[in-house]
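Undergrad: Have a look at the structure that comes next, please.
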Amino acid sequence: MRHQSKQALVMMSEPVKLIGCFGSPVVHRAELALRLKGVPYELITEDLNNKSEMLLKHNPVHQKVPVLLHGDRPAICESLVIVEYVDEAFDGPPLMPADPLARAAVRFWASFMDKECRESMWMALWTDGEEQAGAISAAKANLTLIEGQLPEGKRFFGGDTIGFLDIAVSWIAHWMEIFEEIAGVRLLTEEGHPTLYRWAREYTANQTVRLCLPDRDRLLAALAPSREIFVSIAKTMSTQKQYSVCWICNI
Amino acid sequence: MASEKSSSDLTLLDFWVSPFGQRVRIALAEKNLPYEYVEEDLLAGKSERLLQSNPVHKKIPVLLHGGKPVNESLIIVQYLDEAFPDTPSLLPSDPYARAQARFWADYVDKKVYDCGTRLWKLKGEPQAQARAEMLEILKTLETELGDKEFFGGEHGFGFVDAAFAPFTPWFMSYEKYGEFKVAEVAPKIAAWAERVGKRESVAKSLYSPDKVYDHIGVLKKKYGIE
């Protein structure tokens with residue numbers, strides 16, 4: 001049995017603050033990691049339309065949430081960096097697998113979620129015509145790839161308990177359905193992705209998850225008015241894609 | 001559980017001038033790990049082995065360890081730290097320092113290559129915008145480096161140094177296309193570039209700025225860009 005190291009005790013005794021905002025899927029990642037590790041924290045809610053001096057001071061580079069403040073240390077930013085930090089700095093059930101290959105795999109799929117998967121879903125939701133048809137195909141194929149990472153017969157990507165990859169792809173479990181409703185597009189269905197669909201329900205039913213999951217109806221009400229903004233973001237992404245093709249490694 | 005794989009089980013699928021592949025070469029050299037280097041001739045097409053090893057992205061670098069693939073350069077570097085714990089590590093051991101290293105390596109990943117590509121690929125307003133962004137990126141990294149010898153600080157040459165070093169031969173191209181001098185915009189970064197360039201693991205992994213510049217010319221020609 002592990003005993004708490006002196007360092008771990010010191011780290012636990014220093015207050016933790018998380019700067020977040022209502023409804024953010026990446027803030028959820030950070031909150032869930034803290035809760036799963038049993039780390040008490042103070043949540044400071046930002047209004048992203050009116051960013052506070054504190055946020056700008058602590059995250060001058062990206063000016064985004066979440067931001068983790070642990071004791072007096074300068075801030076830790078970027079949600080997945082925060083999740084790995086929380087996993088390493090505090091005792092409690094490990095969020096990352098132990099085996100190096102398995103760790104590399106969950107990092108890979110988390111990165112895939114944040115880049116290709118998220119982009120394809122956004123385009124599938126907010127473009128139209130032929131572009132949308134192609135994007136819907138790509139988004140569903142990406143969901144299939146993610147679904148393939150669920151261990152056989154297990155409830156979560158982490159196995160019997162929620163792990164790093166569950167946390168990383170949590171957008172699919174809760175936010176996706178809300179965006180689908182606003183856009184009038186279905187991407188994740190029980191018929192199309194039965195295992196992933198079941199995982200989504202397991203995830204959102206989990207007691208610890210529910211403590212930091214934004215209320216669905218409140219989230220829908222907050223997001224629905226921004227439909228036009230979502231469409232214009234998709235247009236920008238479409239244009240940028242032409243510019244930023246990886247020329248050396250992807251020709 | 002002890003790994004039964006030996007270091008002679010390492011193969012790297014790579015492309016000579018890829019800064020992402022070079023990160024892995026630097027890490028392997030820092031760790032003194034022998035490996036088989038396989039050049040993928042990306043201009044000719046992608047090999048079966050590459051497509052099978054990285055079916056999702058079909059990109060290099062791919063590290064094969066006992067035949068099992070690991071993809072994405074920064075993920076590979078972390079993997080090497082974790083799979084070969086008895087070799088010099090690139091990430092520090094303290095969780096806080098590790099978090100900062102991951103943040104800055106991620107910053108380099110998100111910003112440098114993409115902005116640099118737009119700088120030499122585009123013209124007019126989009127190029128001007130890329131130029132402004134590149135100056136911003138260099139200044140931000142300058143602030144982070146500060147007066148440290150390496151980004152790794154107390155740890156020495158580390159994760160962020162390995163992540164950013166492969167872009168140093170690209171500075172000359174960025175300077176030519178962007179019409180600026182790194183030494184003027186970010187003198188500490190310029191000095192750091194010179195320092196890391198002399199480090200053995202880096203020196204043997206990188207190609208000269210002239211070769212990089214010529215390669216950009218080849219790509220532009222291939223894709224019909226003036």
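Undergrad: Determine the gain in length on full extension of the stretch A:R198-A:F230; use 0.36 nm per residue of separation and subtract their C-alpha separation, reporting nm with one decimal. Write out the running numbers ahead of the final one.
TA: Values: separation 32, 0.36 × 32 = 11.52 nm, distance 2.78 nm.
Roughly 8.7 nm would be gained on extension.
Undergrad: Can you give me the three principal axis dimensions of chain B from its C-alpha atoms, in Å, biggest first?
TA: Here the spans come out as 56, 43, 28 Å, largest first.
Undergrad: Mind putting a number on the dipole of the range B:95-223 about its Cα centre? Charges go on the C-beta only, +1 for Lys and Arg and -1 for Asp and Glu, and I need it in Debye to the nearest 20.
TA: On the way: 21 positive and 19 negative charges, 106 e Å.
Using Cβ point charges on Lys, Arg, Asp and Glu, the range B:95-223 gives about 520 debye.
Undergrad: Could you name the aspartates and glutamates in cross-link range of B:K68, using Cα to Cα under 17 Å and dropping any fewer than eight places away on the same chain?
TA: Result set, ordered by chain and number: A:D99, B:E4, B:D9, B:D14, B:E36, B:E48, B:D81, B:E82.
Undergrad: Report, to one decimal in Å, the Kirkwood hydrodynamic radius for the range B:10-83 based on all distinct Cα pairs.
TA: Values: mean 1/r = 0.0829 Å⁻¹.
Hydrodynamic radius (Kirkwood, Cα pairs) of the range B:10-83 is 12.1 Å.
Undergrad: For the range B:95-223, which semi-axes, largest first and in whole Å, follow from the square roots of 5 times the eigenvalues of its Cα gyration tensor? Intermediate results must be reported in sequence, preceding the final value.
TA: Working: eigenvalues 125, 55, 34 Å².
Taking √(5λ) for each Cα gyration eigenvalue gives 25, 17, 13 Å.
Undergrad: Can you give the average number of partner chain beta-carbon atoms within 10 Å of each beta-carbon in peptide B:97-104, as a whole number?
TA: 6
Undergrad: Along the Cα→Cβ direction, 7 angstrom out, place labels at A:T189 and B:N32. What is the inter-label distance in nm?
TA: With each label point 7 Å from Cα toward Cβ, the separation is 6.0 nm.
Undergrad: Hey, got the Cα dimensions of the range A:5-149 along the principal axes, in Å, largest first?
TA: Projected onto the principal axes, the Cα atoms of the range A:5-149 cover 57, 43, 22 Å.
Undergrad: Here's something else I'd like to know. On a 23 Å Cα-Cα criterion, which of the cross-link pairs B:K111/B:K181; A:K115/B:K31; B:K59/B:K110 come out too long? Before the final figure, lay out the partial values.
TA: On the way: B:K111/B:K181 18 Å; A:K115/B:K31 30 Å; B:K59/B:K110 17 Å.
With Cα atoms farther than 23 Å apart: A:K115/B:K31.
Undergrad: Right, something else. For the range B:157-209, divide the Cα radius of gyration by the Kirkwood radius and give the resulting Rg/Rh value with two decimals. Don't jump to the answer; show the numbers that get you there.
TA: Numbers: Rg = 10.9 Å, Rh = 11.4 Å.
Value, to two decimals: 0.96.
Undergrad: Another one. Give the angle, between 0 and 90 degrees and rounded to the nearest 10, that separates the Cα long axis of helix A:227-243 from the longest principal axis of the Cα atoms of chain A.
TA: It works out to around 80 degrees.
Undergrad: Still on this structure: Can you list the lysines whose alpha carbon sits under 18 Å from that of B:K220, skipping same-chain ones fewer than 8 residues off?
TA: A:K241, B:K121, B:K123, B:K176, B:K211
Undergrad: Where does the Debye-calculated log10 I(q)/I(0) of the protein assembly as shown sit at q = 0.06, 0.13 Å⁻¹, using only Cα point scatterers of equal weight, no solvent?
TA: After summing over all Cα pairs, the log10 values are -0.27, -1.47.
Undergrad: Let me ask something else about it. What distance in nm separates the two pseudo spin-label positions at B:L43 and A:T45, each 7 Å out from Cα along the beta-carbon direction?
TA: Result: 5.8 nm between the two label points.
Undergrad: What is the projected area of the convex hull of the Cα atoms of the range A:128-251, averaged over all directions, in nm²?
TA: Details: hull surface 38.1 nm².
If you wrap the Cα atoms of the range A:128-251 in a convex hull and average its projections, you get 9.5 nm².
Undergrad: Out of the trypsin sites (Lys or Arg not before Pro) in the range A:127-156, which ones are loop residues according to DSSP with at most 15 other C-beta atoms within 10 Å? List each step's numbers first, then the result.
TA: On the way: sites: A:K140, A:K154, A:R155; in loops: A:K154, A:R155.
Sites meeting the loop and neighbour criteria: A:K154.
Undergrad: Next up: Viscosity 1.306 mPa s, temperature 10 °C: give me the Stokes-Einstein translational D for the range B:83-151 in µm²/s, with Rh taken as the Kirkwood radius over C-alpha pairs. Display every interim value, and only then the final one.
TA: Working: Rh = 14.0 Å.
Result for D is 113 µm²/s.
Undergrad: For every other residue with a beta carbon closer than 13 angstrom to the beta carbon of A:M121, add +1 if it is Lys or Arg and -1 if Asp or Glu, then tell me the sum.
TA: Details: positive: A:K115, A:R118, A:K140, A:R186; negative: A:D114, A:E116, A:E119, A:E177, A:E180.
Value of the local net charge: -1.
Undergrad: Another question, then. Using alpha carbons only, how many degrees (0 to 90, rounded to 10) separate the axis of helix A:129-147 from the longest principal axis of chain A?
TA: Here the helix axis deviates by roughly 40 degrees.
Undergrad: Next question, about the same structure. If you rank B:T143, A:T127 by fewest surrounding Cβ atoms within 10 Å, what's the result? Please list the in-between numbers first.
TA: Details: B:T143 13, A:T127 20.
Taking fewest neighbouring Cβ atoms as first place, the list is B:T143, A:T127.
Undergrad: Can you give the Rg to Rh ratio of the range A:149-216, both from alpha-carbon atoms, with Rh computed by the Kirkwood formula? Kindly include the intermediate steps, with their values, before the conclusion.
TA: Values: Rg = 11.9 Å, Rh = 12.4 Å.
The Rg/Rh ratio comes out at 0.96.
Undergrad: Enumerate the whole-percent occupancy of each 5 Å bin, from 0 to the last occupied one, for all C-alpha pair distances of chain A.
TA: 1, 6, 12, 16, 18, 18, 14, 9, 4, 2, 1, 0, 0
Every number in this text was worked out from the coordinates using simple rules, so none of it is lab data. Keep in mind the model is a prediction, meaning the values are calculated, not measured. When we count neighbours, we look across all protein chains shown, and the Cβ atoms used for this are built from the backbone with ideal geometry, even at glycine.
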